[in-house]
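Colleague: Let me give you the structure first, and then I'll get to my questions.
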Amino acid sequence: MKHVVIVGGGFAGLNCAKKLAKHPDVRVTLIDKNNYQQFQPLLYQVAGAALSPSNIAFNLRSILKDHPDVDIKMSQVVSVDLNTRTVHTAEGLAYQGDFLVLAAGSQADFFGTPGADRHSYPLYSLRDAEAIRSRVLAVLECADRDSSLIAKGALNFVIVGGGPTGTEMAGAFGDVFHHGVKKAFADLNLVGGEVVLVDGGQTVLKAFSPRAQAYATKTLEQRGVKLRLGTHVKEVHQGHVVLSDGTTIPTHTVIWAGGLKAASLSDNVGVKTGHGGRLDVQPDLTVLGFPNVYALGDFANIVGKDGSHLPQLASVAEQSGKWCAKNILADIAGRPREPFDYFDKGIMAMIGRNSAVAEVGQHRHELQGAVAFAAWLGVHAALLSTTRAKVEAFLEWAWDYFGRSRGDAILDRNEQKDIDWNDDGEASMATAGPNQDIKTS
Ligand SMILES: Cc1cc2nc3c(=O)[nH]c(=O)nc-3n(C[C@H](O)[C@H](O)[C@H](O)COP(=O)(O)OP(=O)(O)OC[C@H]3O[C@@H](n4cnc5c(N)ncnc54)[C@H](O)[C@@H]3O)c2cc1C
């Protein structure tokens, strides 16, 4: 029986494990630092209190309960020996396989922006989303209690990066402040606050068509989101951000959607990594020089049909996971491996209530507005791992849509209440920041 060791139980690793598990001659060890799969595309809905964590995180043992040949180990892999296909964990254990699959995903890339790693909130894990939700609720409660804090930026929310994640987050905040917050905090003067989306490019949603970009821009502006395009965030402090044009915005909530790189494990695999710290792979998804080692999803640079790298998307991760399993099974059966052939289903982004953009299929058929909104909800619910999760997500969305109330506005991360309203700048770097106990990816 061949043994396959998989690192990472996300879209890529899990799909690889599920496909291999059907084969009687293969046993799998799936290692993940968490005991759940997190559904990243819906993280921003947890951050915006539209969904609860249990709607978007799924226990790995439950998902794989019908596959006795998959052994799950909850552990952080700290280093990898590609030559022997062995991984070493934080507890000092080692797992060796006939095949090794590396699918450890991404983490935030702050591009060396001073203060960003300590004072901004990335949005790449469940913990990140819960921290954002608690911080947003905390500043609202503080400003409600003491309106003088509004001048110190209590109600300013700065989102860095105008890609799908930043745009979705900005649209959600626009909706929340126009509806939910107004209703829940009747005494709060929201006029003193703003949602600002900062991006160094000249448009939001760079990967989409100009029509979709124009629609997204208009929709965000209608929701009161201020766009600061062609501008970089230069520094992030505990109480303000400094932009490249010299502007200073007082704020205690900076959300970082400004870029990503491979999970930190890629520093300890013993080979030179490529763009974004990811492992460059061959067309068959193996790492050059290591025929029985595969790298997948967000952890790999996978070349597409046009010669450029495929984007970091759930569909790329999911398909590469299944393809890798197919190649491993071909190897075991003595058949040749096949080059990965990505089937592009298109891209979509939610911009807020009743507003989304979608470019469907390889020919990029464009949808906008309520139709795209409905398509977005359908596609994302369908991707959720269990029937129960799909039903619960739809119930929460319906409650939010018709009742205009946030189902899960719970401030449960107490450390996010500790805001030093007088502390600012470099001197504050040593005090508690959002990422003090948060490790992404
Ligand atoms: C906020 C956000 C929104 C997104 N929206 C969309 C969207 O709408 N549509 C879309 O297609 N894509 C979207 N994506 C991208 C998509 O979620 C990723 O491309 C996809 O999750 C990648 O899958 P993966 O399996 O490669 O990595 P992940 O899903 O990140 O899984 C990696 C796994 O590895 C584990 N791990 C990491 N390091 C270690 C270690 N050292 N030891 C053990 N385990 C480890 C992690 O715990 C995790 O479970 C979004 C991403 C984000 C962050």
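Read-outs: derived from the displayed coordinates by stated rules, not from any lab. Worth saying up front: this structure is predicted, and the values here are computed from it rather than measured. Neighbour counts are summed over all protein chains in view; Cβ atoms, including those assigned to glycine, are modelled from backbone coordinates with ideal geometry.
Colleague: Taking the chain as a Gaussian network, Cα atoms linked when under 10 Å apart, which of Val357, Val101, Val78 shows the biggest mean-square fluctuation?
Modeller: Its mean-square fluctuation being the largest, the pick is Val78.
Colleague: How many percent of the alpha carbon pairs in the stretch 129-175 exceed a separation of 15 Å? Please list the in-between numbers first.
Modeller: Numbers: 549 of 1081 pairs.
Distances greater than 15 Å cover 51 percent of the Cα pairs.
Colleague: What Rg and what Dmax come out for the chain when only alpha-carbon atoms are used, in angstroms?
Modeller: Values for the chain (Cα only, Rg and Dmax): 22.0, 72 Å.
Colleague: Taking the chain as the reference, fit the longest principal axis to its C-alpha atoms, fit the long axis of helix 369-383 to the helix C-alpha atoms, and give the angle between the two in degrees, 0 to 90, nearest 10.
Modeller: Long axis of 369-383 versus the principal axis of the chain: about 40 degrees.
Colleague: Pairs of Cα atoms under 8 Å, at least six residues apart: use those to get the relative contact order of the chain, whole percent. Walk me through the numbers on the way to the answer.
Modeller: Numbers: 935 pairs, mean separation 94.7, N = 441.
Relative contact order comes out at 21 percent.
Colleague: Also: Which ordering of Tyr95, Tyr44 is given by a fewest-first count of other beta-carbon atoms within 10 Å? Display every interim value, and only then the final one.
Modeller: Numbers: Tyr95 20, Tyr44 26.
Least to most surrounded, the residues fall as Tyr95, Tyr44.
Colleague: Could you give the nm distance between label points at Ala330 and Met74, where each point is 7 Å from its Cα heading toward the beta carbon?
Modeller: Here the modelled spin labels are 3.7 nm apart.
Colleague: So, one more: Output the pairs from Lys152/Lys234; Lys18/Lys73; Lys182/Lys390; Lys19/Lys326; Lys183/Lys218 with a Cα-Cα distance over 18 Å in this structure; if there are none, say none. Don't skip to the end; give the middle numbers.
Modeller: Values: Lys152/Lys234 20 Å; Lys18/Lys73 15 Å; Lys182/Lys390 29 Å; Lys19/Lys326 8 Å; Lys183/Lys218 25 Å.
Exceeds cut-off: Lys152/Lys234; Lys182/Lys390; Lys183/Lys218.
Colleague: If you build the convex hull over the alpha carbons only and average its shadow over all orientations, what do you get for the stretch 304-390? Give it in nm² to one decimal. Before the final figure, lay out each step's value.
Modeller: Details: hull surface 30.3 nm².
Averaged projected area of the stretch 304-390's Cα convex hull equals 7.6 nm².
Colleague: Another question, then. Per 0.36 nm of contour for each residue apart, how much would the distance between Glu366 and Asn83 grow if the chain were fully extended, relative to their Cα-Cα spacing?
Modeller: Numbers: separation 283, 0.36 × 283 = 101.88 nm, distance 4.66 nm.
Additional length available on full extension: 97.2 nm.
Colleague: Next question. Neighbour counts of other C-beta atoms within 10 Å: give me Trp421, Trp323, Trp256, Trp376 arranged from fewest to most.
Modeller: By the 10 Å Cβ count, ascending, the order reads Trp421, Trp376, Trp323, Trp256.
Colleague: Taking the Cβ of Ser147 as the center, what net charge do the other residues with Cβ under 15 Å away carry, scoring Lys and Arg +1 and Asp and Glu -1?
Modeller: Numbers: positive: Arg145, Lys152; negative: Glu141, Asp144, Asp146, Asp187.
Taking every Cβ under 15 Å from that of Ser147, the sum is -2.
Colleague: What is the log10 of I(q)/I(0) for the stretch 103-181, computed with the Debye formula using one identical point scatterer on each Cα and no solvent, at q = 0.12, 0.16, 0.25 Å⁻¹?
Modeller: Taking Cα atoms of the stretch 103-181 as identical point scatterers yields -0.41, -0.72, -1.43.
Colleague: Can you work out the Karplus-derived ³J(HN,Hα) for every residue in the stretch 241-254? Use 6.51 cos²θ - 1.76 cosθ + 1.60 with θ = phi - 60°, whole Hz, and x for glycine or proline.
Modeller: 10, 10, 9, 5, 8, x, 5, 10, 10, x, 6, 10, 9, 10
Colleague: Related question: If I fit a long axis through the Cα atoms of helix 387-403 and take the longest principal axis of the Cα atoms of the chain, what angle between them do I get, 0 to 90°, rounded to 10?
Modeller: 10
Colleague: What does the C-alpha gyration tensor say about the overall shape of the stretch 14-95? Classify as rounded when a/c is under 1.5, otherwise prolate if a/b is larger than b/c, or oblate. List each step's numbers first, then the result.
Modeller: Working: a/c = 2.64, a/b = 1.50, b/c = 1.76.
Oblate.
Colleague: Subtract the Cα-Cα distance of Ile410 and Val271 from 0.36 nm times their separation in residues, and report this length gain in nm to one decimal.
Modeller: 45.7 nm
Colleague: Mean residue ellipticity at 222 nm from the helices of the chain, using -39,500 (n - 2.57) per DSSP H segment of n ≥ 4 over the full residue count, to the nearest 500 deg cm²/dmol? It would help to have the intermediate numbers written out before the result.
Modeller: On the way: 12 runs with 133 residues, N = 441.
Counting only the DSSP helices, I get -9000 deg cm²/dmol.
Colleague: If you scale each eigenvalue of the Cα gyration tensor by 5 and take the root, what three semi-axes come out for the stretch 168-300, rounded to whole angstrom and sorted largest first? Could you put the intermediate results ahead of the total?
Modeller: Details: eigenvalues 294, 64, 49 Å².
Result for the stretch 168-300: semi-axes of 38, 18, 16 Å.
Colleague: 7 Å from Cα along Cα→Cβ at both Val391 and Ala374: what's the point-to-point distance in nm?
Modeller: With each label point 7 Å from Cα toward Cβ, the separation is 2.4 nm.
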